Amino acid sequence: MEENQTNVVIPPDNLVFVPLGGSTGVGMNFFAYGYQGKWLIVDCGIGFPGDGLPGVDVLLPNPKFLADKKKDIVGLVVTHAHEDHIGAIPYLWQDLQCPIYVTPFANELLEDKLDQVGLLGRADVHVVPQGSVIDLTPFEIEFVSMNHSVPEPNALAIRTKEGLVVHTGDWKLNIDPILGQGTDVEALKELGKEGVLALVCDSTNVFGTQTDKTEADVKETLTHLIGEYPDRQIAVTCFASNVSRVESIFEAARANGREVCLMGRSLWRIDAAARATGYFKDIPEFLSEKEALDKPVGSVLYICTGSQGEPHSALGTLSSMTPQKNSVYFGPDDVVIFSSRVIPGNEKSIALLQRKLKAKGVKIITDKEALVHVSGHYAGPDLELMYRYLKPKIALPVHGEAMELTGHVDLAKKWGVPFAFALEDGEVIALDDEPQILGEVPAGILAVDGKRIVRLDAEVIRKRRKMMDDGSLVITIVVGKDGLVLGDPQLSTFGLLDATEEDKAALLTRIKDGIADMTEEQRFMNAQIDQTVRSIIRKFLNEFYGKKPLIDVHLVRI
């Protein structure tokens, strides 16, 4: 819902749930619970723009609804350390100005982000161990250990006088992970016995079927693959935040007598956060790229950023056709393993990067060829087990595309949940024995455009998108005292099809004739000339090129 729409009246005695991001699509998780006039926020994450938003760095959920109530916010509780759950905090905390509650690993990453924007020490951050219970009256929140691809993921058991809500965060049912605690199944069962009013549940992998493969299987596969290429340079790219995967890759490399080098700033940040919070205890310091260059060929394995085809990532550098000074270079018969999934929207950039590597003769291995990745999200019967454990009265799927949310609703009903809703961002639902949608509140998406935060529908964004799609045209017209054109207008085009001199001459003739055909009164009205010229240009370019560019008319009177 957009910012200019009317807010709904929310009775203070109702326990309500309001997704403000993360319900209409993947990313930008930003959820609110309201009760007795107070508000609890769960997660505050970013989204990633696709190719259709040039110049936009990240996407943010619109905080307006909660910013207007910031005196009544009791806290912002983070489920885990992924960017789509904590990445918006440095951008939006000034609007919210509420206490933040995070586990130790998430805190390490959050501190770095807050420091970059001058909020470290100003933002009120509380570090909460897993398994803790905190009192944020009128809410009590229990942190329940889950399993995911990042350390210390949590479900939140949110208790109020109106009932218990379980907010899962991202999760899978893995009780024996390679790193960190597993999912606390017994705690989930106890919550089910207590009685769960509503389950707010991740939908990312609701149609997934693979359930019998774990991170341990990935480690075994990587160990075997690395052993197949004893004299080759090998790089493995993965999500930087997947600490378990980094450990799996290290163990697989060590089993083959290789040292490990990290390449990419985000990997080094994750490494520092992991070591600061007690992870990687048995892993020696990783090699820097400079140190790796002094090692014999085939003795080092490189872990690289760039799994999603990011052009300026470490893997993007490795794809360069020419060697870079003091940099690792991959050539024919070297190996790159993509130990990650393709995030929807990144297919083109990943394919382009892989084509560049193949053009150099580099061998590429993905999850299509070998078991080099397993999802950090549940699949198959895990979701049904979650519903059996908790037995909620209300199912509220979040964090998924429309098809995933509606599919999740159908499954919840199939498993006997009385009420299930696929909400849009901004919709307010009252949670009780007869849940109902009360209406909508302001929601929407903001864009980080350089140093500014603007609405996604801001004119500057719309114009830039139009320029990218159809190019732009600038024309300067000089008119005399009689209002007629003097000389030939100066025409410049950007990103349009190359026009021939004949085309340009024909367009300029149309413009001069069009102005000449105007009445004398119209020729002395700048707005009228502007409108006439734009109309002539639009018709001409649509007729001959099928384009509708951004048009800028400069009128000079002498």
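The values are calculated or read from the model by the stated rules, or taken from the named source; none is laboratory data. Given the structure is predicted, the values throughout are model-derived calculations rather than measurements. For neighbour counting, all protein chains shown are included, and Cβ atoms are generated from backbone atoms with ideal geometry for every residue, glycine included. Accessible surface areas use protein heavy atoms only, side chains included; no ligands, DNA or RNA. Shrake-Rupley method; radii C 1.70, N 1.55, O 1.52, S 1.80 Å.
Assorted remarks:
- For the chain, a simple Cβ point-charge model (Lys and Arg +1, Asp and Glu -1, everything else neutral) yields a dipole of about 1120 debye relative to the Cα centre.
- Remark: the stretch 101-247 carries 39 Å² of accessible area per residue (probe radius 1.4 Å; ligands, DNA and RNA excluded).
- The lysines within cross-link reach of K213, meaning a Cα-to-Cα straight distance under 19 Å and a gap of 8 or more places when in the same chain, are K172, K368.
- The listed peptides 329-341, 482-494, 162-174, ordered by packing as a protection proxy, come out as 162-174, 329-341, 482-494 (highest mean of other Cβ atoms within 10 Å first).
- For the stretch 156-250, the C-alpha radius of gyration sits at 1.48 times the compact-globule guess of 2.2 N^0.38 Å, with N the residue count.
- Length-normalised contact order of the stretch 21-101 in % [C-alpha pairs under 8 Å, at least 6 apart]: 32 percent
- The H on the amide N of L438, modeled in the peptide plane, is under 5 Å from the matching H of V428, I429, A430, each at least 5 residues off or on a different chain.
- Fraction of the pair-distance distribution of the chain above 30 Å, Cα-Cα pairs, percent: 59 percent
- Length available on full extension from D469 to E285: 0.36 nm per residue minus the Cα-Cα distance, which gives 61.5 nm.
- Percent of alpha-carbon pairs separated by more than 15 Å within the stretch 9-117: 63 percent
- Across the chain, the mean sequence separation of Cα contacts (distance under 8 Å, 6 or more residues apart), normalised by length, yields a relative contact order of 17 percent.
- Looking at the stretch 355-453, the trypsin sites (Lys or Arg not before Pro) that sit in a DSSP loop and have at most 13 other Cβ atoms within 10 Å of their own Cβ are K368, K451.
- Here the contact order of the stretch 53-210, divided by its residue count and restricted to Cα pairs under 8 Å and six or more residues apart, works out to 16 percent.
- Lys/Arg +1, Asp/Glu -1 at C-beta; the stretch 167-244 dipole; positive extreme among V243, L173, T204: T204
- Based on the reciprocal of the average 1/r between different C-alpha atoms, the Kirkwood radius for the stretch 235-318 equals 12.9 Å.
- Taking the accessible area of the chain, probe 1.4 Å, and keeping the other protein chains in place, the carbon and sulfur fraction comes to 49%.
- About the centre of its Cα atoms, the stretch 203-327 shows a dipole size close to 320 debye [charges on the beta carbon of Lys, Arg (+1) and Asp, Glu (-1) only; nearest 20 debye].
- Peptides 473-480, 538-545 ranked from most to least packed give 473-480, 538-545, packing being the mean of other C-beta atoms within 10 angstrom over each peptide's residues.
- Within the stretch 36-158: Cβ-based charge dipole about Cα centre, in debye rounded to nearest 20 (Lys, Arg +1; Asp, Glu -1): 420 debye
- Here the stretch 372-524 yields Rg over Rh of 1.32, to two decimals, using C-alpha coordinates and the Kirkwood radius.
- In order along the stretch 529-540, phi translates into HN-Hα couplings of 5, 4, 5, 5, 5, 4, 5, 5, 5, 4, 5, 5 Hz, rounded to whole numbers, per the Karplus curve 6.51 cos²θ - 1.76 cosθ + 1.60 with θ = phi - 60° and x for Gly and Pro.
- Probe 1.4 Å, accessible area per residue of the stretch 382-456, Å²: 45 Å²
- Sites L293 and K451 - FRET efficiency at Förster radius 30 Å, r taken between beta-carbons, to 0.05: 0.25
- Three semi-axes of the equivalent ellipsoid, the stretch 437-558, Cα gyration tensor, whole Å, largest first: 35, 18, 14
- Sorting the Cα pairs of the stretch 154-198 by distance into bins of 10 Å, from 0 upward, gives 25, 52, 20, 4 percent per bin.
- Global form of the stretch 382-447, assessed from the alpha-carbon gyration tensor, a/c cut-off 1.5: oblate
- Computed helical MRE - 222 nm, the chain, DSSP H runs ≥ 4 contributing -39500 (n - 2.57), nearest 500: -9000 deg cm²/dmol
- Solvent-accessible surface (1.4 Å probe) assigned to D72 amounts to roughly 60 Å².
- Rounded if a/c under 1.5, otherwise prolate or oblate - the stretch 489-528, Cα gyration tensor axes: prolate
- DSSP-defined beta bridges in the chain - what % are antiparallel, rounded to 5: 50 percent
- Alpha-carbon centroids, the stretch 503-521 and the stretch 127-160: separation in whole Å: 69 Å
- Size-normalised alpha-carbon gyration radius of the stretch 197-260, reference 2.2 N^0.38 Å: 1.48
- The stretch 438-488-the stretch 246-280 distance, computed between alpha-carbon centres (Å): 46 Å
- Under the Karplus curve 6.51 cos²θ - 1.76 cosθ + 1.60, θ = phi - 60°, whole-Hz ³J(HN,Hα) for the stretch 370-387, x wherever Gly or Pro sits: 7, 7, 10, 7, 10, 5, x, 9, 4, 8, x, x, 4, 5, 4, 4, 4, 5
- For the stretch 129-183, the Rg and Dmax computed from alpha carbons only, in angstrom: 12.1, 38
- Modelled FRET efficiency - R0 45 Å, L486 with K358, Cβ distances, 0.05 increments: 0.20
- Annotation: amide H-H contacts under 5 Å for D333 (H modelled 1.01 Å from N, sequence separation of 5 or more, or interchain): V362, K363.
- The stretch 260-360 shape via C-alpha gyration tensor axes, a/c threshold 1.5: oblate
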